[in-house]
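No value in this document is a laboratory result; all are computed from the given coordinates. Just so you know, these numbers come straight off a predicted model, no measurement behind them. All Cβ positions, even for glycine, are placed from backbone atoms using ideal geometry, and neighbour counts span all protein chains on display.
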Amino acid sequence: MTPTVLIHVQHLLGIGHLKRAAAIAGALRARGVHVVLASGGVPVPQVEDAIAREGVVVTRLPTARAADVHFSQVLDEAGRPIDDAWQARRRDVLLRLLTETAPDAVVTEMYPFGRRAFRFELLPLLEAAKACAKPPVIASSVRDILVNKAKPGRAEEIAALVRRCYDLVLVHGDPNLIRFDETFPQTPAIADRIRYTGYVTDRSIVAGAADRANGEVLISAGGGAVGFALLKAAIAARPLSREGRRPWRLITGGNLPEAEAAELAEAAARQQGLVLERFRSDFTDLLGRCRVSVSQGGYNTVLEILATRTPAVIVPFAEGEESEQTDRARLLADKGLLHLLPQGTLTPQRLAAAIDAATPPPVLAIDLAGAARTAELILQSIEARR
């Protein structure tokens, strides 16, 4: 009998969460699994349409997004703060989906290690799944580094929920590079649930051996919602850099606000050889050939940098309580794998100097088979449960 897996994912600012969930959904589908992806963020057609073509059923939950970079509120599809009625509507949609799909496994992306604002629907989902006549395997899909909220008792609360509800904690990282316990102190309490999968990528990455002598400088801002300051500084840095005679390509991401995009376009038009684009489906190819990469250091971009051995400057997003990108960049910078320029010290002059100093990282044995390994672990658990 064909197994069914239900995946819940919620992205709020960037699209890294969705890309990881989509990669896992694609890997499961390649193994013949019926996959339903319940996505609750702003639609990202280039990601969702691609996996739908592979046969993944993409189900849209009522849309939610962050009000700002501080995650001060969650807004609904009309831009209003979510209320009890909206929460009940989304919870009912998700619970109905559980009943209709009768999955062999339920995967919650980030929860309970993140996405606490959505426990109004995820706790009922977990309880309903556990109460099924044939309870599904329940797994958490979580990246290598967590945001340090520093709230007393929070880590213990998460560990208790894992022990009560979860069969697996699928950590999408490589312990030889970054261990989960470096940012989650309660790791020993759930060690029997944890499985390292390797890093999850949206496609196969070939280690870079390209000649970069004539490569461009590539500046990217992930989804783009919080990339304006970096992109603006990059435009101003070009005349100050020894690499300024090369072509520079800025990829803003689809979520950059229109007013900010217009301001960047006006500034970019003043410099010959500077290209401004919203999105590139061949981003990894561009990364593998560029002279230097400048980015915010999200999960997907960083591991692509390491795999392609691209000289890189990371300016991590660090607004509000966000610590994940800074923690990852600092750990990797300490290993000599990239150049870290903290967001609070970003100026055109410092960025130009960092670009000029960037060198390729050393050869690194990094496990990038995370999507396939995740699919394997889920299927093994389903078979054992049966």
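Listed values, structure above:
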read-out	value
Cα long-axis angle, helix 84-101 against the chain (0 to 90 degrees, to the nearest 10)	70
Separation of alpha-carbon centers, segment 1-58 and segment 236-292, rounded to whole Å	29
Descending principal axes extents, segment 36-91, alpha-carbon based, whole Å	36, 25, 15
The chain: angle of helix 16-30 to the longest principal axis, Cα-based, in degrees nearest 10	60
With Cα atoms, 0 to 90° folded angle of helix 258-268 axis to the chain main axis	30
The chain - share of DSSP beta bridges that are antiparallel (%, nearest 5)	5
Residue order, fewest to most surrounding Cβ atoms within 10 angstrom, among Val294, Val217	Val217, Val294
Extension gain (nm, one decimal) between Arg96 and Gln186, 0.36 nm per residue minus Cα-Cα	29.1 nm
Farthest toward positive dipole pole in segment 217-357 [+1 Lys/Arg, -1 Asp/Glu at C-beta], among Cys290, Ala229, Leu306	Cys290
Chain lengthening between Asp285 and Asp68 when straightened (0.36 nm per residue, less Cα-Cα)	75.0 nm
Contact order normalised by residue count of the chain, Cα under 8 Å, 6+ apart, percent	16
Extended-chain gain in nm, criterion 0.36 nm per residue less alpha-carbon gap, Asp211 and Glu54	53.1 nm
P(r) of segment 128-181 over all Cα-Cα pairs, binned every 10 Å from zero, in whole percent	20, 44, 28, 8, 0
Kirkwood hydrodynamic radius of the chain, from inverse mean 1/r over distinct Cα pairs, in Å	21.5
Per residue, the convex hull volume that the Cα atoms of segment 219-266 enclose (Å³)	67
Segment 217-357 - Rg over Rh from alpha carbon coordinates, Kirkwood radius	0.92
Cross-link partners of Lys19 among lysines (Cα-Cα below 28 Å; sequence separation of 8 or more within a chain)	Lys130, Lys149, Lys232, Lys335
